[in-house]
Structure formats: structure tokens, C-alpha cells
Amino acid sequence: YVRVYNVCPYIEVYPFRENVYGLFNQNCDGAGDVWMYVVIGPEKAMVIDTGFGIGNVKGLVDELTGGMPLVVVNTHSGPDHCMGNVRFERVYCHKYCVPNITRKCAPGAWDYLFDQDGNNIWLQFDKQDVPQYRDYELIPVENHHMFNLGGDHNVELVWQPGHDSGHAMFLDHKTRILFAGDDVCSDVIACGSGGREGDPYRKYCTIEAYRNELEKLCRRLDEFDYIFPGHFIVNLENSLLLDILEALDAIVEDPQCFDFTQMSPSPTGGPARQSWHKFVKGFGTISYDPGKGVYIP
């Protein structure tokens, strides 16, 4: 069932498991609607991604958890995943993601959601519910960092680049759920763009980096059962990762093996970008940049 709480009416709350909630947000900039997650442990609760921060997100989390201490984490630097960081005191991420998150969650970050007259462009919401930027603590951690939510409830950060150089998944060893961010998506898995200018770790925003780390994760399928991505269809079986790896292997072997091409508009008004698409068996596609899809050192 779904419930909307008065404290933050912009978010739909879905109880997926005992003490595991999906928080469904409409995307503010015209891209795919986004999932946040709340996992409640014996002593602490984890918040996975923070959305755009529209409305009283912290108040909603406190209502769900009963005001428990929070461990807030980002999967990556997409604005729909990290701009709500300012609603919280501290946020953790993989160390390679710090430069991109710092650039995305910054003063004026929400301005592009409105036209020159101050009207909403993509999604209607009350402008007073947009957060004001404030400083918060962004804490970098290493690959495989373990967050303890009390007792034997441990959640592991698993570095999984591709969509973003510092992209991370979160493996909940208690619930046996992999929270996959944008590196799994039933619409389009966008990766291999070569990274953004100014990103010191941009060499990891590639098809090869995605493939190499995913191969390691596929050896650990006995540690989790289901995948909950950052967009679209959730509660996916873990065997899907093998199908994604198969498509990535094909791209690395022959970048010209795409199934179709597409021009993708920029939500921020930049130039459209051509992408190549490779089908994932029984799922969506992997899109990659024809000029930067495979990293050449």
C-alpha cells in the first residue's frame, strides 16, 4: 500500500519490507521519478539518497523512524539524489563522489527548476518548499565501508562506477537487499560518458570501469536476493546483474555492437548528446557515449 504523510506531501511512502521503506519522489527536472530509501535498524536508521529536498524531507524521515539517529548516504551526485543533503547534518558518500556532489549541491542549485519569471518549469510545487542552501558535513568513505545500524545490522558501501565516477551501491547484509542507485535502471542505464570536466576521477565514469566492478559484485550474488534501484521498477532478482554484465562484456569487446542510437536532450539547457544503446536481456538498455564509451588510458 502507499501512504502520503502530511509532514511532506510531495513524497509517497511504500513499506517494501519490515523496516524498509521506499520514498517515491516525482523528479523536478523532467527526468525519471526517483526512489529514496529508509532502512530502520535496531539503533540507527539509514537514509539512502535525499532527492531534491522539496518539502520537509527530514520531518518525514523522523516520523517513519520515530526520531532515530540517522546515517544518510548518497549513491551518487545526480541532483535528484543529492540536493536534499542540506536537509540533514551530515551525509556519507564514496570518496570519489565528493567533488561532484559538492558542485551539484551548492548555493543556487535549485534555480534551474524555474524560468526567468520564477515559474516552475517541469513540476508544480510551492517555491517556499525549496530548501535554502546551508552548509552540511559531507564525509568521504572508502569502498566496502561498513555502516552499522545496531547489533548485526550492517550495510556495506560497494563502489560501482559507470554512471558516475564515485557511484556506490549499498548492500544491506541483514535484509539481503542491494540498493543500486542509477547503475541499475529498467529504462536506461546511462554510463560511459567519460565523466565531467573538472572531475578528477572522470576516468572511472566509463563502460570498462562499470564492467570491471560489476564482475566483482556478480561473484557475491549469494549475499543478496533483490535489487532496489534509484528509478522505475524495484524488487528485481539478483540474477539481473549477470544479464547486465553480459551486455557490458559485449560493449567492451565491440563498442560498435549497439542496437540503436538516440539524441538525448539536456535538462539544464545544454546541447543534446548522442548515445548508443545496447539491450540488456529482458530488461532495459545500457546507453553510452560513442566518443567516450570505453576508456582508453
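The values are calculated or read from the model by the stated rules, or taken from the named source; none is laboratory data. Computed from a predicted structure; not experimentally measured. Positions of Cβ are generated from backbone atoms using ideal geometry, with glycine treated the same way; all protein chains shown enter the neighbour counts. With ligands, DNA and RNA removed, areas are computed over all heavy atoms of the protein, side chains included. Shrake-Rupley method; radii C 1.70, N 1.55, O 1.52, S 1.80 Å.
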Under the condition of being at pLDDT 95 or above, over 16 Å from the mean Cα position of the chain (by Cα) and of a type in the set (S, T, N, Q), which residue from the range 196-238 is most open to solvent (accessible area, probe 1.4 Å)? ASN212
Could you tell me which residue of the range 111-158 is most open to solvent (accessible area, probe 1.4 Å), considering only residues that are β-branched (Val, Ile, Thr) and part of a loop (DSSP other than H, G, I, E, B)? ILE121
Looking at MET46 and the list (1) more than 14 Å from the chain's Cα centre (by Cα); (2) open to solvent by less than 10 Å² (accessible area, probe 1.4 Å); (3) more than 26 Å from PRO140 (Cβ to Cβ), which single condition is not satisfied? (3)
If you scan the range 65-102, which residues turn out to be aromatic (Phe, Trp, Tyr) and assigned to a helix (DSSP H, G or I)? TYR96
Taking first residues from the range 1-14 that are modelled with pLDDT under 95 and second residues anywhere that are surrounded by fewer than 16 Cβ atoms within 10 Å (Cβ to Cβ), the pairs with Cβ under 9 Å that are 6 or more apart or on different chains are TYR1/TYR14; TYR1/PRO15
Taking into account only those residues within the range 159-184 that are open to solvent by 10 Å² or more (accessible area, probe 1.4 Å), within 16 Å of the chain's Cα centre (by Cα) and of a type outside the set (Asp, Glu), which is farthest from ARG103 (Cα to Cα)? TRP159
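Table: residues versus (1) farther than 30 Å from GLY151 by Cβ; (2) out of contact with any Cys (no Cβ under 6 Å at 6 or more places or on another chain); (3) outside any strand (DSSP E or B); (4) not small (Gly, Ala, Ser).
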| position | (1), (2), (3), (4) |
| --- | --- |
| LEU178 | no, yes, no, yes |
| ASP183 | no, yes, yes, yes |
| GLY198 | yes, yes, yes, no |
| ALA209 | yes, yes, yes, no |
| LEU214 | yes, yes, yes, yes |
| LEU241 | no, no, yes, yes |
| LEU248 | yes, yes, yes, yes |
Out of curiosity, is GLU43 closer than 19 Å to ARG87 by Cα, of a type in the set (Asp, Glu) and either in contact with a Leu (Cβ under 8 Å, 6 or more places away or on another chain) or part of a loop (DSSP other than H, G, I, E, B) (or both)? no
Matching residues in the range 4-22 - criterion: being closer than 20 Å to LYS127 by Cα and buried (at least 18 other Cβ atoms within 10 Å of the Cβ): CYS8, TYR10, ILE11
Index of the failed condition, SER275 passing every other in (1) more than 13 Å from ILE189 (Cβ to Cβ); (2) in a strand (DSSP E or B); (3) open to solvent by less than 70 Å² (accessible area, probe 1.4 Å): (1)
Collect the residues in the range 23-36 that are crowded, with 21+ Cβ neighbours inside 10 Å and under 20 Å from PHE170 (Cα atoms), keeping them in residue-number order. LEU23, ASN25, VAL34, TRP35, MET36
What number of residues in the range 68-80 are out of contact with any helix residue (DSSP H, G or I) (no Cβ under 9 Å at 6 or more places or on another chain) and not charged (D, E, K, R)? 3
Would the range 92-109 turn up any residue that is of a type in the set (A, V, I, L, M) and exposed (fewer than 13 other Cβ atoms within 10 Å of the Cβ)? yes
Name the pairs: first residue in the range 218-244 and of a type in the set (Ser, Thr, Tyr), second residue assigned to a strand (DSSP E or B) and open to solvent by less than 40 Å² (accessible area, probe 1.4 Å), Cβ to Cβ under 7 Å, at least 6 apart or on different chains? TYR226/ILE177; TYR226/LEU236
What do you reckon, is GLY59 open to solvent by 10 Å² or more (accessible area, probe 1.4 Å) and either assigned to a helix (DSSP H, G or I) or polar (S, T, N, Q) (or both)? yes
